[in-house]
Every structure is written in C-alpha cells, then in structure tokens.
C-alpha cells in the first residue's frame, strides 16, 4: 500500500482501494501478491465506469473487482513461471481463479501482461495495464 | 448503564470486603475509596493502540524468568526466559540455547530469579542491559535491552543462595553478588554443628565490559559465616562503596527463625571496593581453584557456548585493613537501600518496629576517628551512635524494602502490617501510609536504585492475594499494585496479577528503550553453521546415523517440505532458518514425536531441534505460529523407513530440489 501510494501512476487504484474499504486487507501481514493496474488501465474502461464504481452504493462491487487483483500467497515471477509450467491456477481473494501463461514476450495473468514486478515487505506487486475483470 | 452500576456496586463490595480482611483498618487511612473515582481509573487507562509511559521488568521469582509489563496499564508484553526452560519460545530446549542453562552441577532447567537491575552511567539508568540473579544455583544473567533476550549467564562459585545480588555500581563497573547461605569453602565433609568459624560467606564482584556487557568474575571477598541478605551500591559521594545487610551473625545452622534472631543487632557490611581494587593490584589476594560455568550467547552464530572458569582471586576481609566495616543495625536487617544522593543507607530490620538510617558522612568520620565497638573476625564494628543518622519510629511492622522518589521522600514496604509507608528523609517523619493486598515484599519506583528516580509511579509487589481475584483452586496468582505517587498522598490506581512471584522489579521510561529495540535479525549477518540463507541453500546431509536438515521457512511454506531417506534410529537435526526480513513475522515448527519443544523463530534467525524417529511411516511437521492466511498450509512430511533400509535421501519442494529454476 505504501508503495502504491507513493507512485502517481497508481492514484486511481489507491482511490479505489480506499473507496472499497479494503485498505486493511492490503497492508496486513501477508503474504500477498497484488496485480496492480496503472491509471491507464482504468482509463481504458468505458467513460464514466470508474466514477460509477467509486459511488458508495457500488462499494461491494468495487471490492469484488479489487480483490480479484489480490492473491493471498507469495507469487514472485519465478513462482508464476512454475505455475504456468505446471498449468496451475492462481486463487484470488475474490474467490475466482486466474490462469498464468508464459508467452514469448513475458508472463500473462488472466490474459493481461505483467509489465514490471516490485518486492514489497508483505509480498509482491506485479504491475499490469489492464484490469482483471471477472467474467460476470 | 444498568449493568455498569451493578458492576460498580459489586466492585465496592469487593474492596470493602478485601480491606476488612487485611487487618489494617486501625493503622491505615483507607486507600480503597480513591480507586473508585473515575479519574483514578483514567490514570491507569492506556487506550487501545496507545503506548505506556514506562517499562516495568518484574522478576518471576520461582518461575525463573523476567516479565515485561507496561506502566501504568499493567499490561504484560513479554516473558523473557532466563533461568528456566520455556517451551513456548524453545529456550533451553533448542540446541542453540541449551548451553545457557549449564552449571557446574550439570544442566539445570529451572531457577529462582530475584533482583533485576538496569545498567547505569553516571548513576542514572542507561537502558543498555538488565542484570538478574538466580538464588538457588548461584548465577547472574545479563539480558540485552535491544533484543529482550538473555545473552549471558555466569555461575558464582563459593556461593550458596545468591540473594544479595545482582546490583550494579553507578557506572556499571561491577555487578555484585553476595551469598545468602554461608558454607564450608572449599566444600568439605564436616559435621553441620561445626558451622561456627568453619562456614564462610563470599561477596563477588563481576566486572562489566562497557561495550558488550560481558561479565568477568574479577574477585571475591571472603567474609565471616553470616547470611548476606541484600545489597546496594553507594552513589555520588558514596560511590566506591557497597553495602550488604547481614543476619544470622549468631552463626546458627538450625531453627533459624529462633536461633538467628537472638542478637539485638546484626550488621550492614560496608565494603570499600575501590580499596579492594587496590589490594588486587597490589597482589594481596589468594587464588582459589573453583569450577563455574560461563555461558555466552553469540549474536553472529545464534548459539550459546559454555566455557569453564577454573579459579578466582580472593581477598580476606579479616586480614585486609580498611576493606570492610560493620555497621550495627537492629533486628536481622533485610533491605539495604541507598538514597539517590548516596548519603543515607536505610536498613530494615525485618523484626523491628522502626527503620534505621545510617549516614555515609558519619560513617567515614567514624572510620577516621576509629570509633569502633570491637570487631568480628578481625572486621571493625563501628559505634552505632557514631554512624546513625536517625530512625523512622513506629512506621509499621516488618519493614523490608525502601525506594525513593527523588523529591526527598522514601517509601518502605511492611510485610507484617501489609502496607507501604511514605516518609521524609532527614526528618524521619511518616507522611502517608496505604494498605496493600497482601503482604508486600519489594516495591519499585522506576530508576529507584539510581541517582535519578522517576517519582511518578510506585509498584508494590505482593506475595499473597487470597480473595483479590476470581479464585482458581488452591493456587492463586501473586500480584502487583500500582500507586500514583506524584501527589502528597499515595493513590492506588491499579492492581494486576503477575507471573510466578513478583520478587523485585526495575523500571525505566518507555523512550529509553522503545526507539532502539531490535526488529529483525539480518540474514546477511547470520553466521549459524547450519543456516540456509536462501531456499537454494537448503540441504539434507547424512553423517552416519545423524541427519542434518538445513531448512528454510517463509510465508507460507518450508523448504524442503518433503523429505525421504530418514530411518528409524536416526538422530535428525532440523536446522531451520526464518527467511522473513519483515518485523513481527515469526514462524514456528514442530514435528510429531519430537521429544522437545517447538521452535519459535524470529525473522533472520536459525534454530535447531532434534527428532529421533522411532516408528516407520510418513510423519508430518508444521508451522506452530499463525503466520499468514495460508498458515494451515505451512506443513510438510518426512518419510521414515525401517532401520537398515536403503531408501535414498531425497528432499524437495513442489517436486523439485528447493531453489531449482
């Protein structure tokens, strides 16, 4: 959370975490792996979507989307490669599973490419440029 | 609201009932009513998430440990294992700390911890280390106030009942240990009836290394066969002297409650340790053969090691002039407390109705004037009238210990009349008295044994609680009671149960320690010979029937977590390193069938337990400290094959050798 807050590129994510009331969940002991969408990822959504999601009445919907970006486990890149090789899915805090695939140009999770990886004290942050939206 | 009132009423009932049981009604202006006002409760209340103002280190007596509480809340933060094994923390059970409990009598799993004392610089507590004595198997321990862990334990030879210990001089030059029981030195097979003249006492001076705190048995002073009960250093003007109360100057060995109470006065022994240093320098000592354990923790290897002391330099108080003087003090004095300015030495005759204050200035003059009243075993006895500064009359029954608030007042506990009495230094008048529940021993004011006490709170430590708490069968807790002493009158604001016997305590302001406590152990500084600093470093190595597993733990798995090739009859060493480098992320480990405790391993540290599998099968181990959301998944298996089978050693994590790409 400290890392996310310190970078402007994650300002939408940080605002969303606060709005959804899941702040404590991302600062706890961990280990956590967060797939952190850049502001540009939120910007790709249809116009008005972010504003709608940030409304209090959509708090639970927003929380569900955000927790779909958090895995309650240690997934450094090395481990993700292993998951891909063994065709194992990642269990996300939302209750859903995400697929991991190794492609020529990098690792993909839920069809979204990992741009960069940062170590945090309580786990790992993988930066992505698209949201991991559950099918429903 | 209704419930609150009910609770409130029953609380009043309890207090009234308790004080009527105390038997103090006649001798006290009841302190009980004060605690009921809401402002009192607020004084001890530390809101959730807030910090206490003071640390209190309260010894556990027969628990052998030292407990850390906050004041004014009375909240228990940690029990530091010192002289007793502690399965919760693996202390004395894991291979690294077993050596801490070595003595010349072999491995001793228990101790009787008594008097904690914080290191000092210029007479003020400095928060580097805390020392504590063990009474039964004479030892002194040093605990780091960065890690809150025991770093060193040294055994005291020629001592029995190490009670008048472990008090430090005002620049932590020495930590001092006096023997309670006199014994034949060296030990020999003689009739007990030959006590007189054959039994001796020892006062030991242990030099403290100023950088690391390591203790070194510098010298002992050989004393007549009395009981040396308590002691305190001189400070300021009396720096260079050390004072010890004695009882049993009768030199009795049986039915002591009668036979050691025959003399109207026993002594406070005034020891000139600067003179002792001169005598040592001048070679006026004899060297005696002894054997004592000296156990030291090594922060780099995370392991304790025992070395054996073989001799000690001894100064004979009977033949070396100017080394020791006796100050007559009434009725088997127990407490021996020195005022912050170093002028008064307060002796508490435990059977006396008054307290005795000796003057250091008068003592020096009496020595110069040779105002002696005979001698005992060649040691001059100073004339009582020449040294006495005054006494606190009719203070109470059974005085034990005195502490000071730095504002000219003293506070003395009275065991028999179960109260704390506040009195004024110099005028010796009683200012206030409050009952305690019940039978108080020591009391503690943070910094009370120094030039600079912090006179805000006073903790009274009680031996008996009887009806104070919900009953728990025949064995009930002992307790501490917290008084606000910032005003003219003492105000009882809290009482709280303690571990074991709250024998004595030391306290200091929170900010002396809280900024410098250790948070993690750095992996790059870990020099444990069996540490695995990454998962790739883990291994399983067989050496005959010994198998060494260098294992790691991180949220939320062990590496390796599947191990095969172990056989019945093997001795399996689990050397486990916690790879976490984040504050407050310990892991634990235990193995089914291991005849030892769990390990509780802090980030960056390596610890070892031994498992000797007796049965064929596949046996699980797991993390014992709830570490993460997937704590329950933190587990592994060891396959045990029959003796003589040829199952190869195999160790994996996720079907690969740990750390493999």
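At a Förster radius of 51 Å, what calculated FRET efficiency corresponds to the Cβ-Cβ distance of residue B:46 and residue B:259, to the nearest 0.05?
0.55
Once you have a ≥ b ≥ c as the square roots of the Cα gyration tensor eigenvalues for region B:259-329, tell me rounded if a/c is under 1.5, and otherwise prolate or oblate according to whether a/b is larger than b/c.
prolate
Give me Rg/Rg_expected for region B:530-630, where Rg uses Cα atoms only and Rg_expected = 2.2 N^0.38 Å with N residues.
After normalising by residue count via 2.2 N^0.38 Å, the value is 1.02.
I need the calculated FRET efficiency for the pair residue B:274 and residue A:59, taking r as the beta carbon distance and R₀ as 51 Å, to the nearest 0.05.
The formula returns an efficiency of 0.10 here.
Can you compute the modelled spin-label distance between residue B:537 and residue B:430, with each label point 7 Å from Cα toward Cβ, in nm?
6.5
Please give the per residue volume of the convex hull enclosing the alpha carbon atoms of chain B, rounded to a whole number of Å³.
Residue-normalised Cα hull volume stands at 181 Å³.
What is the packing order of peptides B:316-327, B:84-95, B:188-199, taking the mean over residues of other C-beta atoms within 10 Å and listing the highest first?
Listed from highest to lowest mean packing, they are B:84-95, B:316-327, B:188-199.
How would B:520, B:563, B:153 line up from fewest to most surrounding beta-carbon atoms within 10 angstrom?
B:520, B:563, B:153
Which of the peptides A:106-112, B:271-277 is most tightly packed, and how do the rest follow, judged by the mean count of other Cβ atoms within 10 Å per residue?
B:271-277, A:106-112
With a/c under 1.5 counting as rounded, go ahead and sort region B:485-555 into rounded, prolate or oblate using the C-alpha gyration tensor (a ≥ b ≥ c being the square roots of the eigenvalues; past the cut-off, prolate if a/b is larger than b/c, else oblate).
prolate
Hey, fewest Cβ within 10 Å first, where do B:534, B:498, B:287, B:596 land in order?
Ordered by Cβ neighbours within 10 Å, fewest first: B:287, B:534, B:596, B:498.
Where the centre of each part is set by its Cα atoms, how far does region B:507-557 sit from region B:582-660, in angstrom?
15
So for the pair residue A:87, residue B:305, with labels modelled 7 Å out along Cα→Cβ, what separation do we get in nm?
5.5
At 0.36 nm per residue, minus the direct Cα-Cα distance, what do residue B:524 and residue B:510 gain on full extension? Give it in nm, one decimal, please.
Stretched fully, the residue B:524-residue B:510 segment lengthens by 2.0 nm.
Given R₀ = 30 Å, FRET efficiency for residue B:370-residue B:397 by Cβ-Cβ distance, to 0.05?
0.25
For residue B:298 and residue B:77 in one chain, what is 0.36 nm times their gap in residues minus the Cα-Cα distance, to one decimal in nm?
Separation in residues times 0.36 nm, less the Cα-Cα distance, equals 77.1 nm.
How would you rank B:78, B:468, going from fewest to most other Cβ atoms within 10 Å of each one's own Cβ?
The order, fewest Cβ neighbours first, is B:78, B:468.
To one decimal place, what Kirkwood hydrodynamic radius in Å is obtained for region B:198-320 from all pairs of distinct Cα atoms?
16.7
Nearest 500 deg cm²/dmol is fine: what mean residue ellipticity at 222 nm does the protein assembly as shown get from its DSSP H runs of n ≥ 4 alone, each adding -39,500 (n - 2.57), divided by its residue count?
-3500 deg cm²/dmol
What does the average come to when, for each residue of peptide B:576-586, you count the partner chain Cβ atoms lying within 10 Å of its Cβ?
Mean number of neighbouring Cβ atoms from other chains: 2.
Would you mind checking the radius of gyration and Dmax of region B:357-425 based on alpha-carbon positions, in Å?
15.1, 41
Can you tell me the length gained on complete extension of the stretch residue B:122 to residue B:584, counting 0.36 nm per residue apart and subtracting the Cα distance?
162.8 nm
Tell me, Kirkwood radius of chain A from alpha-carbon pair distances, in Å?
14.9
How many times 2.2 N^0.38 Å is the alpha carbon radius of gyration of region B:457-524?
So region B:457-524 has a normalised radius of gyration of 1.55.
Can you pull a Stokes-Einstein diffusion coefficient for the protein assembly as shown at 10 °C (1.306 mPa s), Rh from Kirkwood over Cα pairs, as a whole number of µm²/s?
The estimated diffusion coefficient comes to 53 µm²/s.
If you average the sequence gap of Cα pairs under 8 Å that are 6 or more apart and divide by the length of chain B, what percent do you get for the contact order?
Taking the mean separation of contacting Cα pairs over the length of chain B, I get 11 percent.
A short reminder: the numbers here are calculations on the coordinates, not readings from a lab. Only a predicted model underlies this, so the values are computations on that prediction, with no experimental measurement involved. Heads up, the Cβs are rebuilt from the backbone with ideal geometry, glycines too, and the neighbour counts pull from every protein chain shown.
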